[in-house]
Amino acid sequence: MEASHENNTTTTPITTLSSSFGTLGSHLARRLVQIGVNDVFSVPGDFNLTLLDYLVAEPGLNLVGCCNELNAGYAADGYARAKGVGACVVTFTVGGLSVINAIAGAYSENLPVICIAGGPNSNDYGTNRILHHTIGLPDFTQELQCFQTVTCAQVVVNNLEDAHEQIDSAISTALKESKPVYISISCNLPGIPHPTFGREPVPFFLPPILSNPLGLEAAVEETAKFLNNAVKPVIVAGCKLRFAKAQKAFLEFADASGYPITIMPSAKGLVPEHHPNFIGTYWGAVSTNFVGEIVESADAYIFVGPIFNDYSSVGYSLLIKKEKSIIVQPNRVTIGNGSSLGWVFMADFLSALAKKLKKNSTALENYHRIFVPSGVPLKCEKDEPLRVNILFKHIQEMLTGETAVIAETGDSWFNCQKLRLPENCGYEFQMQYGSIGWSVGATLGYAQAAKDKRVIACIGDGSFQVTAQDISTMIRCGQNTIIFLINNGGYTIEVEIHDGPYNVIKNWDYTGLVNAIHNGEGKCWTSKVRTEEELVEAIATAAGAEKDSLCFIEVFVHKDDTSKELLEWGSRVSAANSRPPNPQ
């Protein structure tokens, strides 16, 4: 350097890219870690292999290879439920269109899932070339078009100049809107250094969203007047509590009000069931005993974050009157038949409302007057075939603050809904989308995220047949989940809506299948259970000698052994489905 100055020479700028610059692949990997993703669920394909190299190289990231893209998407869904955000990586079109069902489910449940697809080489865009993994047309937008309706943002990264902005914009949109996003990355770009990636990614700053002060004040004043004039108001919590990040404010409001707390079925796990004012699930005709009567006889009910669909309304049969209702959505409050005030955010509203309410425990006192404790299932005789209600009595006894329950679509919805969750016990199910098979991948993802909890999954045989392969990934990841496979020979929930021969499935040797998948690698234990004695012994083994193993317990029950709630719910949903066309 000194010699150069002495000779008055100048240094020619280097025009090639410095290897000290970061790459798109390393930037994306760091971004995922920064937002809380430490496990990415993937299926390799030729369009995403280079990107996967960079994800593998990131110290804070663990790449979890799944058996298929659908399960990778379900796993990202389950992971997002436990950690607040999830991610999956698939290949172009064949992978993207396979994962899309899971992404649609995450969209319906307001879960931020970053869905990353490896895309065509950037040089192929704008040409007339036909690529493999397409439908045979020189048009690469089929995958993008499909994702537009099930994600809140879509970006196609096929040049490095805009890549930084595109990736950050998509990820921040997912976090702000609590919905999935789609990011396609050309297969030749992840490893190329670029100046825009020349430094460690600056952590996101998402500015807080504040309510309109005047709207908030008006909503609080009008709601407080409405509720303070009521004789026996009640609270009904809905699933959008999670999306609105308003659980703390909800408890503040509930404590101040003195009202009984109930939940819609999809909100189970979002409200602490050990709260002294908690009375159970409001689900119309299939509510927890005495809860439906208390809610529907109230002169005011405040629904916090509800979704009213045909399933949650039991075939549109809820006896709820609009003029008695206050509906609190994540960004809007509607009071009876009157005002509807927007840009009023749930957490702000509930916290402010708590300060304006008169305590009123009338409805809670009425509940305690009429309440009669539920009976216990009749004891099984020795060697008597196991009944479902006996199974769930024993599952109830397994629950602690160090467990979490995953309930598959089907009769497990109803049986798990009746479980009383101890403090800090997790609970997840997919009620809005209701995709059978969801629970296998979701269990994988949830267990990977919540390593401080032992997951207890209740899965029907029909649902398990859809997504069974990723039991393999659970074993590979060293998970110690307990899976109760309920073998009743078919799609029981469909039977109660509309029966037919299509609801009977081919029976499998489920424990034999899991043993074959295990193949002596990793820790896995299986058991077949036909009686209560065998169930007790299996649970003891799972909790004791096999506490560090994946435990798969196949439970044989009669095909017509269902919860009474499913029988009632099925008949009402059937009636809603079979309504004749309106007269023209």
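The values are calculated or read from the model by the stated rules, or taken from the named source; none is laboratory data. Note that the structure is predicted; figures quoted are calculated from it, not measured. Neighbour counts are summed over all protein chains in view; Cβ atoms, including those assigned to glycine, are modelled from backbone coordinates with ideal geometry. Side chains included, ligands, DNA and RNA excluded: accessible areas come from the protein's heavy atoms. Shrake-Rupley method; radii C 1.70, N 1.55, O 1.52, S 1.80 Å.
Structure summary
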{"read-out": "Flag for LYS225 being within 21 Å of THR362 (Cα to Cα), among the basic types (Lys, Arg) and either open to solvent by less than 40 Å² (accessible area, probe 1.4 Å) or in a helix (DSSP H, G or I) (or both)", "value": "yes"}
{"read-out": "Test: residue in the range 48-57 that is among the hydroxyl-bearing types (Ser, Thr, Tyr), within 17 Å of VAL157 (Cα to Cα) and in contact with a Ser or Thr (Cβ under 6 Å, 6 or more places away or on another chain)", "value": "yes"}
{"read-out": "Selection count where residues are among the small types (Gly, Ala, Ser) and closer than 18 Å to ASN289 by Cα, scope the range 356-370", "value": "1"}
{"read-out": "Residue that is most open to solvent (accessible area, probe 1.4 Å), among those in the range 356-397 that are in a helix (DSSP H, G or I), β-branched (Val, Ile, Thr) and out of contact with any strand residue (DSSP E or B) (no Cβ under 7 Å at 6 or more places or on another chain)", "value": "ILE370"}
{"read-out": "Which numbered condition LEU206 misses (of (1) under 28 Å from ALA104 (Cα atoms); (2) open to solvent by 50 Å² or more (accessible area, probe 1.4 Å); (3) outside the structural domain of ALA80 (by the TED database); (4) at pLDDT 95 or above)", "value": "(4)"}
{"read-out": "Close pairs (6 angstrom Cβ cut-off, 6 or more residues apart or separate chains): in the same structural domain as ILE327 (by the TED database) in the range 240-257, open to solvent by 60 Å² or more (accessible area, probe 1.4 Å) anywhere", "value": "LEU241/GLN247"}
{"read-out": "Residue ranges of strands (runs of 3 or more DSSP E) in the range 289-340 with at least 1 members of a type in the set (Lys, Arg)", "value": "332-335"}
{"read-out": "Lone qualifier among ASP77, ASP53, ASP46 - being among the acidic types (Asp, Glu) and in a loop (DSSP other than H, G, I, E, B)", "value": "ASP46"}
{"read-out": "Hits in the range 84-111 (condition: closer than 23 Å to ILE307 by Cα and either part of a helix (DSSP H, G or I) or open to solvent by 10 Å² or more (accessible area, probe 1.4 Å) (or both))", "value": "GLY84, ILE100, ASN101, ALA102, ILE103, ALA104, GLY105, ALA106, TYR107, SER108, GLU109, ASN110"}
{"read-out": "When residues of the range 425-459 are limited to those that are of a type in the set (D, E, K, R) and either not in a loop (DSSP other than H, G, I, E, B) or not assigned by the TED database to the domain that holds GLU402 (or both), the one farthest from VAL514 (Cα to Cα)", "value": "GLU428"}
{"read-out": "Search result, residues across the range 64-105 that are aliphatic (A, V, I, L, M) and under 16 Å from GLY36 (Cβ atoms)", "value": "VAL64, ALA75, ALA76, ALA80, ALA82, VAL85, ALA87"}
{"read-out": "Residue selected from the range 528-542 under the condition open to solvent by 20 Å² or more (accessible area, probe 1.4 Å) and touching a residue at least 12 places away in the same chain (Cβ under 8 Å), by the criterion farthest from CYS477 (Cα to Cα)", "value": "GLU533"}
{"read-out": "Among the candidates PRO203, PRO208, residue that is farther than 30 Å from PHE92 by Cα and not in a helix (DSSP H, G or I)", "value": "PRO208"}
{"read-out": "Residue, farthest from GLY105 (Cα to Cα), within the range 426-445, restricted to residues that are in contact with an Asp or Glu (Cβ under 8 Å, 6 or more places away or on another chain) and surrounded by fewer than 23 Cβ atoms within 10 Å (Cβ to Cβ)", "value": "ILE436"}
{"read-out": "Filter result (over 19 Å from GLN329 (Cβ atoms), in contact with a Ser or Thr (Cβ under 8 Å, 6 or more places away or on another chain) and open to solvent by less than 60 Å² (accessible area, probe 1.4 Å)) within the range 228-258", "value": "GLY258"}
{"read-out": "Count of residues meeting criterion [over 19 Å from ASN188 (Cα atoms) and not hydroxyl-bearing (Ser, Thr, Tyr)] in the range 139-171", "value": "12"}
{"read-out": "For THR400: the one exception among (1) part of a helix (DSSP H, G or I); (2) at pLDDT 95 or above", "value": "(1)"}
{"read-out": "Residues (open to solvent by 20 Å² or more (accessible area, probe 1.4 Å) and touching a residue at least 40 places away in the same chain (Cβ under 8 Å)) located in the range 48-61", "value": "LEU49, THR50, ASP53, TYR54"}
{"read-out": "Breaking point among (1) open to solvent by less than 10 Å² (accessible area, probe 1.4 Å); (2) at pLDDT 95 or above; (3) assigned to a helix (DSSP H, G or I), for GLY462", "value": "(2)"}
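Matching residues to (1) part of a loop (DSSP other than H, G, I, E, B); (2) farther than 30 Å from GLN479 by Cα; (3) in contact (Cβ under 8 Å) with a residue 60 or more places away in the chain; (4) of a type in the set (Phe, Trp, Tyr):
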residue: ALA545; (1), (2), (3), (4): yes, no, no, no
residue: ASP548; (1), (2), (3), (4): yes, no, yes, no
residue: PHE552; (1), (2), (3), (4): no, no, yes, yes
residue: LEU566; (1), (2), (3), (4): no, yes, yes, no
residue: ALA576; (1), (2), (3), (4): no, yes, yes, no
residue: ARG579; (1), (2), (3), (4): yes, yes, no, no
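This table checks each residue for (1) open to solvent by 20 Å² or more (accessible area, probe 1.4 Å); (2) farther than 20 Å from LEU399 by Cβ; (3) over 27 Å from the mean Cα position of the chain (by Cα); (4) touching a residue at least 12 places away in the same chain (Cβ under 8 Å).
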| site | (1), (2), (3), (4) |
| --- | --- |
| ASP452 | yes, no, no, yes |
| ASP470 | no, yes, no, yes |
| THR492 | no, yes, no, yes |
| ILE517 | yes, yes, no, yes |
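A quick yes/no check of all residues on (1) under 16 Å from ALA29 (Cα atoms); (2) in a helix (DSSP H, G or I); (3) open to solvent by less than 10 Å² (accessible area, probe 1.4 Å); (4) without any contact (Cβ under 8 Å) to a residue 12 or more places away in the chain:
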{"residue": "ALA117", "(1), (2), (3), (4)": "yes, no, yes, no"}
{"residue": "ILE130", "(1), (2), (3), (4)": "no, no, no, yes"}
{"residue": "THR134", "(1), (2), (3), (4)": "no, no, no, no"}
{"residue": "PHE140", "(1), (2), (3), (4)": "no, no, no, no"}
{"residue": "VAL150", "(1), (2), (3), (4)": "no, no, no, no"}
{"residue": "SER169", "(1), (2), (3), (4)": "yes, yes, no, no"}
{"residue": "LYS176", "(1), (2), (3), (4)": "no, yes, no, no"}
{"residue": "ILE183", "(1), (2), (3), (4)": "yes, no, yes, no"}
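Here's the yes/no breakdown for (1) out of contact with any Phe, Trp or Tyr (no Cβ under 9 Å at 6 or more places or on another chain); (2) in the same structural domain as GLY292 (by the TED database); (3) crowded, with 17+ Cβ neighbours inside 10 Å:
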{"position": "PHE308", "(1), (2), (3)": "no, yes, no"}
{"position": "SER312", "(1), (2), (3)": "no, yes, yes"}
{"position": "GLY315", "(1), (2), (3)": "no, yes, yes"}
{"position": "GLU323", "(1), (2), (3)": "yes, yes, no"}
{"position": "ILE327", "(1), (2), (3)": "no, yes, yes"}
{"position": "SER340", "(1), (2), (3)": "yes, yes, no"}
{"position": "VAL344", "(1), (2), (3)": "yes, yes, yes"}
{"position": "LEU350", "(1), (2), (3)": "no, yes, yes"}
{"position": "ALA354", "(1), (2), (3)": "no, yes, yes"}
